[in-house]
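Working notes for the structure below.
The values are calculated or read from the model by the stated rules, or taken from the named source; none is laboratory data. Bear in mind the structure is a predicted one, so any value in this text is a computation, not a measurement. Cβ placement follows ideal geometry from the backbone for every residue including glycine, while neighbour counts extend to all protein chains displayed.
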Amino acid sequence: MVNRHFKDTDKENFRIIYKTYVRPHLEYCIQTWSPQLQKDEAVLKTVQRRATRMVKGYEKFSYETRLKKLRIYSLERRRLRGDLIETFQILTGKEKINASKFFERADKCGGLRGHQLKLFNPRCRTTVRRNFFCSRIVVLLMNGTSCQHRLLNLHQ
């Protein structure tokens, strides 16, 4: 639909069109926010690739270059950022959700240095459980430098 109605778009109009029509569809379901299969993630990335090719004069650039020039974040970076924001809001009480239902604090282990929001990494026997929000984010946060590196390098 977008390609049919908006043939020649410039950079600023594309950003408005993309944020209004394309991105809400990409971020609608839980499968989008946490695709467990690589094929699901590839399909979503394909839609974003095709959409960024619509901008006049940007067809010849690579996908990553188009994202940088259009100042659009990759879907992976948006998922990571969204997970980190939601975790912070749950842990600090800004969301009206009981944090103990999602996370177990690591302060019970004793002898931890740093802040009081450290989380315990539960053991997961199944892949499905490993991909739940609470397990996924704890593993991500345990690799602190890796998390910062991924967030910064996933298209700055």
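Hey, among 43, 55, 47, which residue is free of Cβ contacts under 8 Å to residues at least 12 places away in the same chain, in the same structural domain as residue 17 (by TED's automatic domain parsing) and aliphatic (A, V, I, L, M)?
Being free of Cβ contacts under 8 Å to residues at least 12 places away in the same chain, in the same structural domain as residue 17 (by TED's automatic domain parsing) and aliphatic (A, V, I, L, M) holds for just one of 43, 55, 47, which is 43.
Taking residue 89 and the conditions (1) modelled with pLDDT under 85; (2) under 25 Å from residue 131 (Cβ atoms); (3) part of a helix (DSSP H, G or I), which numbered condition does it fall short on, given that it satisfies the others?
Failed condition: (1).
Hydrophobic (A, V, I, L, M, F, W, C) and surrounded by 18 or more Cβ atoms within 10 Å (Cβ to Cβ): which single residue out of 72, 97 fits that description?
Among 72, 97, only 72 is hydrophobic (A, V, I, L, M, F, W, C) and surrounded by 18 or more Cβ atoms within 10 Å (Cβ to Cβ).
Please specify each residue of the stretch 132-156 satisfying the condition of being of a type in the set (S, T, N, Q), at pLDDT below 75 and surrounded by 10 or more Cβ atoms within 10 Å (Cβ to Cβ).
143, 146, 148 - these are the residues of the stretch 132-156 that are of a type in the set (S, T, N, Q), at pLDDT below 75 and surrounded by 10 or more Cβ atoms within 10 Å (Cβ to Cβ).
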